[in-house]
Amino acid sequence: MRLGPATPTTAGTVLMREWQGTTHEVRVLDNGVLYKRTRYRSLSEVARLITGVRWSGPLFFGLRKREQEAGD
């Protein structure tokens, strides 16, 4: 499977994701994101912090979906 295009976001957008019973809130900034009063360079950095493993940040926060490739 491959990833489809990401849904664009603008500064001020708030993204929420529940993970293992906890709701996580991220605010999109002009240059990066804000999570728990700390600025991060990317959603992927925050997703990795939350889960402990590498994730596509846009996929983790629901901005990107997986697409089936031809033949799958």
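The values are calculated or read from the model by the stated rules, or taken from the named source; none is laboratory data. Just so it is clear, the structure is predicted and the values come from calculations on it, not from any experiment. Every residue, glycine as well, gets a Cβ built from its backbone with ideal geometry; the counts of neighbours run over all protein chains shown.
With respect to R17, is the statement that it is modelled with pLDDT of 95 or more, in a strand (DSSP E or B) and touching a Leu at 6+ places or on another chain (Cβ under 6 Å) true?
Considered against the rule, which asks whether it is modelled with pLDDT of 95 or more, in a strand (DSSP E or B) and touching a Leu at 6+ places or on another chain (Cβ under 6 Å), R17 comes out as no.
Would you tally the residues in region 43-72 being of a type in the set (G, A, S), at pLDDT 95 or above and surrounded by 10 or more Cβ atoms within 10 Å (Cβ to Cβ)?
So the count comes out to 2.
Look at region 20-53 and say how many of its residues are assigned to a loop (DSSP other than H, G, I, E, B) and under 14 Å from L63 (Cβ atoms).
Residues flagged as assigned to a loop (DSSP other than H, G, I, E, B) and under 14 Å from L63 (Cβ atoms) within region 20-53 amount to 1.
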